[in-house]
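The structure appears below as C-alpha coordinates.
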Amino acid sequence: MIALSTPLGQRGWFWEAWDKCDTAEREGRQPAWSRVRVKATDCPRVDPEWLKQERFEIGEHWYLQEYETEFRDVIDAVFSLEDIRAVY
(Lines give C-alpha, C1' and ligand atoms only; values in the text may rest on other atoms or scores of the structure.)
Protein backbone atom coordinates (compact mmCIF):
# COMPACT_ATOMS: atom_id res chain seq x y z
CA MET A 1 0.00 0.00 0.00
CA ILE A 2 1.18 3.51 -0.76
CA ALA A 3 -0.31 6.35 1.27
CA LEU A 4 0.25 9.99 0.36
CA SER A 5 -0.92 12.86 2.49
CA THR A 6 -0.04 16.04 4.24
CA PRO A 7 -0.43 16.02 8.01
CA LEU A 8 -3.61 17.37 9.53
CA GLY A 9 -2.78 17.30 13.20
CA GLN A 10 -1.66 14.49 15.43
CA ARG A 11 -4.72 12.32 14.86
CA GLY A 12 -6.11 9.71 12.49
CA TRP A 13 -4.67 6.56 10.96
CA PHE A 14 -1.96 8.38 8.97
CA TRP A 15 -0.59 10.02 12.11
CA GLU A 16 -0.86 6.77 14.10
CA ALA A 17 1.09 4.82 11.46
CA TRP A 18 3.76 7.55 11.32
CA ASP A 19 3.98 7.82 15.10
CA LYS A 20 4.32 4.04 15.56
CA CYS A 21 7.31 4.12 13.20
CA ASP A 22 8.84 6.99 15.18
CA THR A 23 8.35 5.02 18.41
CA ALA A 24 9.90 1.89 16.91
CA GLU A 25 12.95 3.85 15.74
CA ARG A 26 13.40 5.49 19.16
CA GLU A 27 13.26 2.05 20.77
CA GLY A 28 15.77 0.57 18.29
CA ARG A 29 13.18 -1.61 16.55
CA GLN A 30 12.50 -1.92 12.83
CA PRO A 31 9.48 0.24 11.86
CA ALA A 32 6.52 -1.52 10.27
CA TRP A 33 6.45 0.96 7.38
CA SER A 34 8.98 2.40 5.01
CA ARG A 35 8.46 6.17 5.10
CA VAL A 36 9.54 8.97 2.82
CA ARG A 37 9.10 12.61 3.75
CA VAL A 38 9.26 15.19 0.96
CA LYS A 39 8.87 18.82 1.91
CA ALA A 40 7.82 21.48 -0.58
CA THR A 41 11.24 23.05 -0.10
CA ASP A 42 12.82 19.79 -1.35
CA CYS A 43 11.07 20.08 -4.72
CA PRO A 44 12.89 22.31 -7.22
CA ARG A 45 9.64 22.94 -9.14
CA VAL A 46 8.10 24.78 -6.18
CA ASP A 47 8.93 28.48 -6.29
CA PRO A 48 10.49 29.66 -2.99
CA GLU A 49 8.80 33.06 -3.38
CA TRP A 50 5.43 31.37 -3.72
CA LEU A 51 6.11 29.37 -0.55
CA LYS A 52 7.05 32.58 1.24
CA GLN A 53 3.72 34.11 0.23
CA GLU A 54 1.83 30.97 1.31
CA ARG A 55 3.52 31.08 4.72
CA PHE A 56 2.38 34.69 5.11
CA GLU A 57 -1.19 34.02 3.91
CA ILE A 58 -2.03 30.84 5.82
CA GLY A 59 0.14 31.34 8.91
CA GLU A 60 2.98 29.34 10.44
CA HIS A 61 0.90 26.53 11.95
CA TRP A 62 -0.87 25.60 8.72
CA TYR A 63 2.19 26.24 6.57
CA LEU A 64 4.34 23.82 8.57
CA GLN A 65 1.73 21.09 8.22
CA GLU A 66 0.94 21.61 4.56
CA TYR A 67 4.37 22.38 3.11
CA GLU A 68 6.94 21.21 5.67
CA THR A 69 5.11 17.94 6.50
CA GLU A 70 5.05 18.49 10.26
CA PHE A 71 2.47 16.75 12.41
CA ARG A 72 1.41 19.64 14.64
CA ASP A 73 -0.86 19.64 17.67
CA VAL A 74 -4.50 19.90 16.73
CA ILE A 75 -5.24 23.62 16.75
CA ASP A 76 -8.24 23.36 19.10
CA ALA A 77 -6.65 20.92 21.55
CA VAL A 78 -6.75 21.82 25.23
CA PHE A 79 -3.50 19.94 25.96
CA SER A 80 -0.56 19.25 23.66
CA LEU A 81 0.25 15.64 22.82
CA GLU A 82 3.66 16.17 24.45
CA ASP A 83 1.99 17.18 27.74
CA ILE A 84 -0.35 14.18 27.61
CA ARG A 85 2.53 11.76 26.99
CA ALA A 86 4.51 13.30 29.86
CA VAL A 87 1.79 12.13 32.26
CA TYR A 88 2.40 8.45 31.42
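Numbers below:
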| read-out | value |
| --- | --- |
| Percentage of interatomic Cα-Cα distances in the chain larger than 24 Å | 30 percent |
| The chain, accessible area per residue, ligands and nucleic acids excluded (1.4 Å, Å²) | 80 Å² |
| Placed amide H near residue 70: partners under 5 Å, 5+ positions off or other chain | 65 |
| Percent carbon-and-sulfur accessible area, the chain, ignoring ligands, DNA and RNA, probe 1.4 Å | 54 percent |
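The values are calculated or read from the model by the stated rules, or taken from the named source; none is laboratory data. As the structure is a computational prediction, the values presented were derived from the model and not from experiment. Accessible surface areas use protein heavy atoms only, side chains included; no ligands, DNA or RNA. Shrake-Rupley method; radii C 1.70, N 1.55, O 1.52, S 1.80 Å.
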